[in-house]
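Asker: Quick one: this structure, given as structure tokens, is what I'll be asking you about.
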Amino acid sequence: MSLKRRKRSDAVNQPAVSPTLDTLFQRTLMRQPHAAALLDPLNKARVTGHQPRRMNYAEADTAIEALSAHFVESGLPANSVIAIQLPNTVEFVLTVLAAHRAGLVVAVLPLLWRHAELTAALNRTAARAIITMSTVDGVSYADLAMHAAAEAFSIRHVFGFGADLPEGMASLDDVLARPPGTTRAVIQDGRKAAMISFDVTAEGFRPVPRPHFSLIAGGLAMSLEADIKQGATVMAAFTPMSFAGLASSLAVWLLSGGTLALHHPFENEVLEQQINAHECEVLIAPAQLALRLGDADLAARMPTLRNVIGLWRAPEQVAASDAWIAPHAPLTDIYLFGEAGLFGARRGEDGMPVPVMPGAHGAPREQAGSSIAGEILLTPKGTLGLRGAMVPIAAYAPPQPVGETLIAQPPRDYVDTGYAARLDRPSGAICITAPPSGIMAVGGYRFLSNDLQEWARRLGQGALLTALPDRLSGHRLAGRAQDNARAREALSELGLNPLMVEAFRDRSGPA
């Protein structure tokens with residue numbers, strides 16, 4: 001064993017205050033270096049232009065070491081922030097783990113974001129670098145990153161995967177092709193910052209930092225409630241650029257010590273082909289997609305599945321959802337509350353959602369004496385509150401009241417999610433009745449309702465932009481202008497994401 005590998009083995013075997021994601025990875029690496037670790041989407045060539053990769057733990061470790069060394073050699077100081085905007089592919093996993101091995105903090109940027117939101121996120125986090133893919137689904141993310149970096153004074157490096165990178169962007173594919181270089185000692189402590197995600201609350205755009213133990217707590221809440229077996233092959237088909245995305249893919253995989261198969265959302269036929277080709281035992285996907293698959297003879301079409309985890313971005317819709325009719329692969333509902341936190345509840349034999357009671361909840365929920373995953377409470381305002389290891393209370397602390405700067409405010413020991421809730425009198429269960437007031441959500445993208453009127457005003461008189469209720473994604477956007485083509489062009493020039501722009505798509509059908 002090499003001296004470097006021996007030192008790493010000794011560090012892993014030493015008791016730590018709290019494990020990190022890299023600690024979990026290295027534990028499995030030492031135990032089974034040649035076991036399958038990461039599997040790319042089968043349609044990766046269409047999505048990014050890269051051929052799909054298959055990596056065992058040793059190969060993944062070499063790639064992580066090379067990327068980590070490059071970050072160190074580039075002069076990125078320990079504890080500095082690097083922003084990533086990547087699809088659900090192997091490069092995403094390698095980059096996050098490499099950043100943590102180099103002692104860096106990862107800020108995740110959703111693929112939907114364009115210039116305006118990218119620039120705001122980079123400036124708010126003082127990111128030193130941004131990492132992206134050259135193209136994703138035909139969109140040049142390399143150009144987006146370069147333009148956003150030009151307006152973020154803290155950015156010193158722009159890195160990219162893929163071919164035809166613009167001048168000034170360093171290729172990380174070249175880094176992976178050469179032996180690892182310089183490393184530095186990093187204290188493995190789960191209390192250190194690991195990631196920054198971004199939420200929208202009534203107070204506006206909000207960065208949400210999290211330590212390693214918070215991410216691991218989210219992964220444990222899912223894996224224990226769903227009863228994921230050690231060594232399982234997990235198919236992650238949920239966008240990774242959020243707390244729930246990282247916890248459901250990276251953390252669940254590292255806790256199971258198995259194989260992580262990735263699917264860039266969504267192509268149903270490709271997803272089914274991947275599940276069968278890799279003999280996946282666990283599927284993690286948006287709940288609406290999971291329910292659709294469950295209605296399509298899941299046992300016959302994907303017989304290897306033993307667990308399905310459905311993530312609800314609109315948790316108020318769980319109670320009214322259809323029954324799960326695939327008993328060979330029980331469904332676990334995961335209630336998501338933006339970036340504040342989550343909790344899970346595995347469905348019973350009847351396939352219907354189970355009542356969720358207020359107070360501390362363990363994982364697994366029905367098992368007496370199980371580890372406490374968090375606590376659910378009803379706030380005095382009639383909204384749902386969360387607290388526990390995964391909930392970043394400081395990030396959601398209420399602002400200091402104006403004119404009372406000398407009066408200390410009592411600390412709040414929970415996060416108010418803003419979701420309207422009440423107690424069901426007969427059962428005492430929590431009923432989530434409505435999303436936060438003033439906040440719209442289209443899939444995983446959250447924004448203030450006032451923004452809609454602001455963008456419409458910029459388009460001139462007669463322009464209308466509104467959000468309509470949608471059962472699958474929470475809301476869908478619709479717009480009307482005197483000239484829809486010019487409206488789309490104007491919104492693109494403002495740096496808005498495609499959801500806003502495509503609200504003004506032409507809807508006239510063929511004559």
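The values are calculated or read from the model by the stated rules, or taken from the named source; none is laboratory data. All of these numbers come straight from a predicted model, not from anything done at the bench. As a convention, Cβ positions derive from the backbone with ideal geometry for all residues, glycine included, and neighbour counts pool all protein chains shown. Surface areas here come from the heavy atoms of the whole protein model, side chains and all, with no ligands, DNA or RNA. Shrake-Rupley method; radii C 1.70, N 1.55, O 1.52, S 1.80 Å.
Asker: R0 = 25 Å: FRET efficiency of R458 with E151, Cβ-based, nearest 0.05? Display every interim value, and only then the final one.
Answerer: Working: r = 19 Å, r/R0 = 0.76.
Rounded to the nearest 0.05, the efficiency is 0.85.
Asker: May I pose another question? Which value at 222 nm does the chain reach when only helices count, each DSSP H run of 4 or more adding -39,500 (n - 2.57), with the total divided by all residues and rounded to the nearest 500 deg cm²/dmol?
Answerer: Computed mean residue ellipticity for the chain: -8500 deg cm²/dmol.
Asker: Set the Förster distance to 41 Å, then compute FRET efficiency between E366 and E272 from the Cβ-Cβ distance, nearest 0.05. Kindly include the intermediate steps, with their values, before the conclusion.
Answerer: Numbers: r = 31 Å, r/R0 = 0.76.
The computed FRET efficiency comes out at 0.85.
Asker: If you don't mind, there's one more thing I want to ask. Computing the accessible area with a 1.4 Å probe over protein heavy atoms, can you report the carbon and sulfur percentage for the chain? Walk me through the intermediate numbers first.
Answerer: On the way: 11640 of 21810 Å².
Whole-percent figure for carbon plus sulfur exposure: 53.
Asker: Sequence neighbours fewer than 8 away in the same chain don't count; with that in mind, list the aspartates and glutamates whose C-alpha is under 12 Å from K229.
Answerer: Once the sequence-local aspartates and glutamates are set aside, what remains near K229 is E281.
Asker: Anything in the chain that counts as a DSSP H helix reaching 20 Å or more along its axis (C-alpha) with Kyte-Doolittle mean of at least 0.0? List them, would you? Write out the running numbers ahead of the final one.
Answerer: Details: long enough: 57-73 (24 Å, 0.25); 212-226 (21 Å, 1.13).
Counting only whole DSSP H runs, the qualifying helices are 57-73, 212-226.
Asker: If the reach is capped at under 16 angstrom between alpha carbons, list the aspartates and glutamates near K381, excluding any in the same chain fewer than eight residues apart.
Answerer: Result set, ordered by chain and number: D413, D416.
Asker: Starting from the residue with the highest accessible area, list F159, F205, F266 in decreasing order, probe 1.4 Å.
Answerer: Numbers: F159 5, F205 65, F266 95 Å².
Accessible-area ranking of F159, F205, F266, largest first: F266, F205, F159.
Asker: Karplus couplings for segment 333-342 from phi (6.51 cos²θ - 1.76 cosθ + 1.60, θ = phi - 60°), rounded to Hz, Gly and Pro as x?
Answerer: For segment 333-342, the Karplus-derived couplings read 7, 10, 8, 9, 10, x, 9, 6, x, 7 Hz, x marking Gly and Pro.
Asker: Roughly how many Å is it from the Cα centre of segment 149-171 to that of segment 184-205, as a whole number?
Answerer: 23 Å
Asker: For segment 21-337, with every protein chain kept in place, what is the accessible area per residue (1.4 Å probe, Å²)? Don't skip to the answer; put the middle values down first.
Answerer: On the way: 10550 Å² over 317 residues.
With the other protein chains kept in place, segment 21-337 gives 33 Å² per residue.
Asker: I want to make sure I understand the PRE zone here: with the label point 7 angstrom from the Cα of T183 toward its beta carbon, which residues in segment 80-111 have backbone N atoms less than 17 Å away?
Answerer: 94-104
Asker: Report, in whole Å, the centroid distance computed from the Cα atoms of segment 230-278 and segment 431-464.
Answerer: Using only Cα atoms to place each centre, the spacing works out to 31 Å.
Asker: With just the Cα atoms defining each centre, how far is segment 295-361 from segment 35-75? Give it in Å.
Answerer: Between the Cα centres of segment 295-361 and segment 35-75 lies a distance of 31 Å.
Asker: Turning to a different aspect of this structure: Modelled label-to-label distance, R206 and R422, 7 Å Cα→beta-carbon offset: nm?
Answerer: Result for the modelled spin labels: 2.5 nm.
Asker: Another one. Check the straight Cα-Cα distances from K44 and name the aspartates and glutamates below 16 Å, setting aside those fewer than 8 residues away within the same chain.
Answerer: By straight Cα distance, K44 reaches E91, D137, D173, E267, E269, E272.
Asker: Give me the one-decimal nm value for the distance between modelled label points at E349 and H328, 7 Å along each residue's Cα-to-Cβ direction.
Answerer: 1.9 nm
Asker: Right, next: For E73, E493, write out the residues from largest to smallest accessible area, computed with a 1.4 angstrom probe and no ligands counted.
Answerer: E493, E73
Asker: Report the Cα-based extents of segment 21-337 along its three principal axes, largest first, to the nearest Å.
Answerer: Here the spans come out as 53, 47, 38 Å, largest first.
Asker: Next question, about the same structure. If r is the Cβ-Cβ distance from R486 to R191 and R0 is 41 Å, what FRET efficiency results, to the nearest 0.05?
Answerer: Values: r = 52 Å, r/R0 = 1.27.
The formula returns an efficiency of 0.20 here.
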